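Working notes for the structure below.
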Amino acid sequence: MEYLKTIITSVLASFISVGIFTLFAKQVIIKAIELGYQKKVKKYECEISVASKIDSIIKAKSIRVFPEILEVTYRLKDSITISIKEDLAYKWNSDIRTMFLLFSEYLFEYKVYFSNEIFIELHRYKELINEILVIQQKLTVDELQFNKEVYYKNLPEIKNKVNEIEMCFNKLALMISDEINKMRSIDG
């Protein structure tokens with residue numbers, strides 16, 4: 001009987017020891033998981049903070065880039081609209097090509113700031129301006145430079161391109177304005 005008491009006592013002591021050890025191990029494991037979780041939470045909070053700062057920098061730069069690109073597109077459109085009123089292509093505003101080169105440079109330099117839709121429309125605008133400049137180039141070669149008949153024959157095509165540029169500019173102005181308003185509403 002004593003032998004049985006010893007076995008029961010040993011089994012009970014083992015159960016109690018295992019129970020206490022299990023409870024202790026469970027608490028240690030829970031603490032380790034919480035600590036690991038807290039470290040990950042801090043890491044993610046840090047990453048979110050950095051991403052948020054980068055996003056703010058990009059938005060701040062975008063808000064400055066959009067007016068620049070819109071100004072150049074307006075000046076290009078305006079210069080061409082005024083220039084086609086001349087009676088010969090060689091009399092067009094000589095700054096058009098310079099503005100076109102600046103616009104082209106901006107288009108690719110600032111591409112990262114534009115949504116795909118805005119970039120596609122800006123690229124379309126660039127192509128329209130380029131088409132007009134190609135026509136102007138053809139009309140200013142030596143043998144055609146002073147030929148008003150050839151100029152007036154090409155003028156309807158040029159005016160159609162100018163109308164397309166006007167529509168494209170209006171669409172761009174709306175798209176860019178909407179984009180700026182979205183950025184400001186997110187920040188505000």
request  = Say whether the condition of being over 19 Å from LEU174 (Cα atoms), modelled with pLDDT of 90 or more, among the aliphatic types (A, V, I, L, M) and assigned to a helix (DSSP H, G or I) is met by at least one residue in segment 112-122.
outcome  = no
ask   = Looking at segment 34-92, which of its residues are of a type in the set (Asp, Glu), within 30 Å of ILE158 (Cβ to Cβ) and in a helix (DSSP H, G or I)?
value = GLU68, GLU71, ASP78
task = Considering every residue within segment 124-141, establish whether at least one is assigned to a loop (DSSP other than H, G, I, E, B) and over 27 Å from the mean Cα position of the chain (by Cα).
result = yes
task = For segment 130-140, indicate whether the set of residues that are within 19 Å of VAL65 (Cα to Cα) and in contact (Cβ under 8 Å) with a residue 12 or more places away in the chain is non-empty.
result = no
inquiry  = Please verify whether ARG97 is within 28 Å of LYS59 (Cβ to Cβ) and either basic (Lys, Arg) or outside any helix (DSSP H, G or I) (or both), treating the condition exactly as stated.
reply    = no
query = Quick one: what pairs do we get from segment 75-94, first residue surrounded by fewer than 14 Cβ atoms within 10 Å (Cβ to Cβ), second small (Gly, Ala, Ser), C-beta under 8 Å, 6+ apart or different chains?
reply = LYS91/SER83
key: Pairs, first at positive phi in segment 145-168, second in a helix (DSSP H, G or I), C-beta under 6 Å, six or more apart   = none
request  = Would you point out the residue of segment 122-165, among those that are crowded, with 16+ Cβ neighbours inside 10 Å and of a type in the set (Lys, Arg), that is nearest to ARG97 (Cα to Cα)?
outcome  = LYS126
Selection within segment 99-119 - among the β-branched types (Val, Ile, Thr) and surrounded by 12 or more Cβ atoms within 10 Å (Cβ to Cβ) = ILE118
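The values are calculated or read from the model by the stated rules, or taken from the named source; none is laboratory data. Quick caveat, the model's predicted, so the values are computed rather than measured. No Cβ is skipped: glycine too gets one built from the backbone with ideal geometry, and neighbour counts run over all protein chains shown.
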